[in-house]
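None of the figures in this text is laboratory data; all of them are computed from the coordinates on show. Treat the numbers as computed from the prediction; the structure is a model and nothing was measured. Here the Cβ is made from the backbone with ideal geometry for all residues, glycine too, and neighbour counts use every protein chain on show.
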Amino acid sequence: MTFGVRLRLRGAVRRGSARGDAELAGRVCSELSADLPDEDLGECLDDAIDMYRMGSKPRCEEVEYLGMVREAIDRIEEGE
């Protein structure tokens with residue numbers, strides 16, 4: 001195998017991996033949106049956590065909401 005072929009194969013693997021990551025993130029966000037239909041989560045779940053105002057929901061809902069968003073972020077990061 002020549003050097004150029006190896007680089008092309010690596011590039012193809014990376015592109016496939018990035019595409020798979022985007023598909024996973026989209027699927028996880030879709031599932032979360034279905035579970036939280038009244039929430040406007042946006043495209044970046046980290047922003048949803050950063051922009052959240054503590055005390056804007058009843059405590060039990062707040063804990064559940066933040067936990068679900070954090071779990072979705074973890075799933076995306078772990079590639080599940």
Between Ala34 and Met51, the two model label points (7 Å from Cα along the beta-carbon direction) sit apart by a distance in nm of 2.4 nm
Once you place label points 7 Å from the Cα toward the Cβ at Cys60 and Cys44, how far apart are they in nm? 3.4 nm
